[in-house]
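Written out below as structure tokens is the structure these notes cover.
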Amino acid sequence: MKTKNLILLLMVLGMAFAAGCQAPGERTSGAPLADPHSGHAGAPVVDPHWPVLPEDWLMGEVSGIAVDMNDHIWLVQRPRSLNADEAGLVQDPPLSACCIPAPPVLKFDADGTLLDSWGDQNGYPGEGYEWPASEHGIFVDHLGYVWIAGNGPDDHQVLKFSGDGTFVMQIGQAGRTEGSNNTEFLGRPADMEVDPETNELYIADGYLNKRIIVFNAETGDYLRHWGAYGNEPSDEDTGPFVPGSEPIQQFRTPVHAVRIARDGMVYVADRVNNRIQVFEKDGTYVSEMIVEGNSLGNGSTWDLELSPDAGQVDLYNADGQNQRIHIINRAAMEVETYFGRRGRNAGQFHWVHNVVVDSNGNFYTAEVNQGRRAQKFVVDGAGELH
């Protein structure tokens, strides 16, 4: 009898401990994966040596990451976010033996070897275009063109370059914005993606405007735009997010990411509203999903990515408020699992800003604020996190 009572007591204590470890407001439908350091099957294992920079180079806030058709990894980072102590070697006189700011655009292979870089610590100078004061977002399209945006106070432009950094086109104009229903100018765009089927450029516009806007990616001609639920966007002050309130009919800034699935669905990260909205390519509203709905501050939906399998079964969400990567089943639009936690060690996150995957299912993440790094996570049995 005593043995039986002891077993029951241990079971009760175990359940109480498990309940106590659950974070407030955590979704019970999404269980965490094993710790990235554990090496358990299916858990993403961080590569602490990725990427490899020249000896004296240092990255600032990494505000964008992309994967091209060759599984090369592209970063855009903010050299000017480094302080004088961090960039001690370029001070006059030098403050220390290291470091110099890395160029804004960096290209790596999957092993972390640096393949190419553009620009210098003061931005990427050139004629005919305006480099953003605060780099934000990078995308490499199906033709190899590289797209970059910015979210500085006067950054109202998206830039198109060839793979070697040759300027091709600018949409919008620095220092000029005309609101969420203007068809020529932007308002602090955050992110972009090109639809390979139509060669149309979708912009999450963004940190000032509250819309998705679409242009011809070759000519820059305006095509269409829409707001939350497919509504005409409004620039009215929506006020702060209040947990438990009715969903508002407009996006809150920032409208932070846009991704296009092969089946034609368009996914939009409405960051501070803690939601992902789904549309058809013409802007017709389909559905929405709330992610960590009680999240305050910076919101829970920072970036979106689709799994590399043929059916793109999963949608990945970088949650920079709760510091984790959510794995979402697209058909059910439910969080199945997640990995990551707040911290500064390898495999942990501080303001995880972006997530992408290569064709083998490996994850790459970017961090802003004091994170200031990119990380690679290798997955055993690629693509089988769901």
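The values are calculated or read from the model by the stated rules, or taken from the named source; none is laboratory data. This structure is a prediction, so every number in the text was calculated from the model and none was measured. Here the Cβ positions follow ideal geometry from the backbone for every residue, glycine too, while neighbour counts run over all protein chains shown. Calculation scope for accessible area: heavy atoms of the full protein, side chains included, ligands and nucleic acids excluded. Shrake-Rupley method; radii C 1.70, N 1.55, O 1.52, S 1.80 Å.
Of note:
Residues checked against (1) in a loop (DSSP other than H, G, I, E, B); (2) within 19 Å of W57 (Cβ to Cβ); (3) open to solvent by 30 Å² or more (accessible area, probe 1.4 Å); (4) modelled with pLDDT of 95 or more:
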| residue | (1), (2), (3), (4) |
| --- | --- |
| P103 | yes, yes, no, yes |
| G112 | yes, yes, no, yes |
| E127 | yes, no, yes, no |
| G152 | yes, no, no, yes |
| D155 | yes, no, no, yes |
| V168 | no, no, yes, yes |
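- Among the candidates E246, E232, the residue that is at pLDDT below 95, open to solvent by 40 Å² or more (accessible area, probe 1.4 Å) and of a type in the set (D, E, K, R) is uniquely E246.
- Only residues that are in contact with a Phe, Trp or Tyr (Cβ under 7 Å, 6 or more places away or on another chain) and not in a loop (DSSP other than H, G, I, E, B) were counted in the range 129-147, giving 5.
- Residue match in the range 253-267 (condition: surrounded by fewer than 17 Cβ atoms within 10 Å (Cβ to Cβ), touching a Lys or Arg at 6+ places or on another chain (Cβ under 9 Å) and either among the hydrophobic types (A, V, I, L, M, F, W, C) or on the phi > 0 side of the Ramachandran plot (or both)): yes
- Summed over the range 301-335, the residues that are open to solvent by 20 Å² or more (accessible area, probe 1.4 Å), among the charged types (D, E, K, R) and within 26 Å of R252 (Cα to Cα) give a count of 4.
- Number of positions in the range 337-353 that are open to solvent by 20 Å² or more (accessible area, probe 1.4 Å) and either aliphatic (A, V, I, L, M) or assigned to a loop (DSSP other than H, G, I, E, B) (or both): 7
- Looking only at the range 314-323, residues that are within 13 Å of V352 (Cα to Cα) and either part of a loop (DSSP other than H, G, I, E, B) or in contact (Cβ under 8 Å) with a residue 60 or more places away in the chain (or both) come to 4 in all.
- Just one of the numbered conditions (1) touching a Gly at 6+ places or on another chain (Cβ under 8 Å); (2) among the hydrophobic types (A, V, I, L, M, F, W, C); (3) modelled with pLDDT of 95 or more is not true of V286: (1).
Residue-wise test of (1) farther than 17 Å from L75 by Cα; (2) open to solvent by less than 10 Å² (accessible area, probe 1.4 Å); (3) not aromatic (F, W, Y).
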site: A149; (1), (2), (3): no, yes, yes
site: S162; (1), (2), (3): no, no, yes
site: Q173; (1), (2), (3): yes, no, yes
site: N181; (1), (2), (3): yes, no, yes
site: G187; (1), (2), (3): yes, yes, yes
site: A190; (1), (2), (3): no, yes, yes
site: Y202; (1), (2), (3): yes, yes, no
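- Residue check, D141 farther than 18 Å from G283 by Cβ and at pLDDT 95 or above: yes
- Which listed residue, of L143, L114, is touching a residue at least 60 places away in the same chain (Cβ under 8 Å) and more than 20 Å from the chain's Cα centre (by Cα): L114
- Residue within the range 217-226 that is hydroxyl-bearing (S, T, Y), out of contact with any His (no Cβ under 8 Å at 6 or more places or on another chain), over 24 Å from V62 (Cβ atoms) and assigned to a loop (DSSP other than H, G, I, E, B) present: yes
- Checked against (1) more than 26 Å from Q170 (Cα to Cα); (2) of a type in the set (F, W, Y); (3) at pLDDT 95 or above, W226 passes all but a single condition, namely (1).
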